[in-house]
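What follows is a single structure, written as structure tokens, with notes after it.
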Amino acid sequence: MGAILAKILNYHNQENQKKILVLGEDSAGKTTFLYKLNSRDVKTEMPIFPINLESTTYNNLKIVCCDTLPFDRDYKFRLLHPETYGIIFMFDVTDEQRFDDVLKELKTHINQPDMLGLPVLIICNKIDLKIVVSIERVKENVIPILEGRVWEIMGTSVVNDVGVKESISWISNAVENNLR
Ligand SMILES: Nc1nc2c(ncn2[C@@H]2O[C@H](COP(=O)(O)OP(=O)(O)OP(=O)(O)O)[C@@H](O)[C@H]2O)c(=O)[nH]1
Ligand SMILES: [Mg+2]
């Protein structure tokens, strides 16, 4: 069933559109990121309650994220992961409390079979606010998780449009280079 839904999600892909999955903690700024990329065309689908999928397009990329209530994790992975070309993972620099759990979430996602070898952009968002979790700390902790991959880390303030274009440009180039 998850595989069928994944096909439905990918069916909307235009030819040559490459899916970028935006993952990360609740309220990190994933939806805001999509709107900053293409405010006129963010689609929302709810293929299975309570998973709320959002997507937009940017050049030849289809950017997909989801917000969910607690739901079967393997099912969510089967829905989201297939046919992904690159991953953007968002941390909220104001949230110390969930930092360890978010790191575990990153590790679990990227070690799934469909995610192996994909480029990963780590975004440390909300740098306009008081930074409780520094970019250096995020970096130190993600280095062992991302070993062997093409990856980058950036500080952003998505709501203020700081770092958004740089982020999409980096992942776009990383995906193109990964395909060569
Ligand atoms: N100050 C500040 N607020 C931000 C920034 N990015 C997003 N926000 C705010 O953070 C809140 C959550 O943003 P969303 O984009 O809804 O976060 P999300 O990751 O989609 O959250 P879920 O869908 O619940 O997983 C909103 O009120 C945004 O306006 C930022 O860079 N700085
Ligand atoms: Mg959201």
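Brief remarks follow.
- Residue match in region 80-90 (condition: out of contact with any Leu (no Cβ under 8 Å at 6 or more places or on another chain) and within 16 Å of ligand 2 (Cβ to nearest atom)): no
- Of residues in region 91-109 being among the hydrophobic types (A, V, I, L, M, F, W, C) and touching a helix residue (DSSP H, G or I) at 6+ places or on another chain (Cβ under 7 Å), the one nearest to Glu136 (Cα to Cα): Phe91
- Hey, Val138 assigned to a helix (DSSP H, G or I), aliphatic (A, V, I, L, M) and out of contact with any Ser or Thr (no Cβ under 8 Å at 6 or more places or on another chain) or not: yes
A quick yes/no check of all residues on (1) more than 18 Å from Glu25 (Cα to Cα); (2) touching a strand residue (DSSP E or B) at 6+ places or on another chain (Cβ under 7 Å); (3) surrounded by fewer than 15 Cβ atoms within 10 Å (Cβ to Cβ):
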position: Ile87; (1), (2), (3): no, yes, no
position: Val102; (1), (2), (3): no, yes, no
position: Leu118; (1), (2), (3): yes, yes, no
position: Ser134; (1), (2), (3): no, no, yes
position: Ile143; (1), (2), (3): yes, no, yes
position: Glu147; (1), (2), (3): yes, no, yes
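- Only one entry in Lys62, Lys30, Lys36 is more than 15 Å from ligand 2 (Cβ to nearest atom), within 27 Å of Asn173 (Cα to Cα) and either hydroxyl-bearing (Ser, Thr, Tyr) or surrounded by 15 or more Cβ atoms within 10 Å (Cβ to Cβ) (or both), namely Lys62.
- Residues of region 21-36 that turn out to be among the hydrophobic types (A, V, I, L, M, F, W, C) and closer than 15 Å to Leu106 by Cα, as a count: 4
- Residue that is modelled with the lowest pLDDT, among those in region 49-89 that are among the β-branched types (Val, Ile, Thr) and within 16 Å of ligand 1 (Cβ to nearest atom): Thr68
The values are calculated or read from the model by the stated rules, or taken from the named source; none is laboratory data. What you are looking at is a predicted structure, and each value in this text was computed from that prediction instead of being measured. Virtual Cβ from ideal backbone geometry, glycine too; neighbours counted across all protein chains shown.
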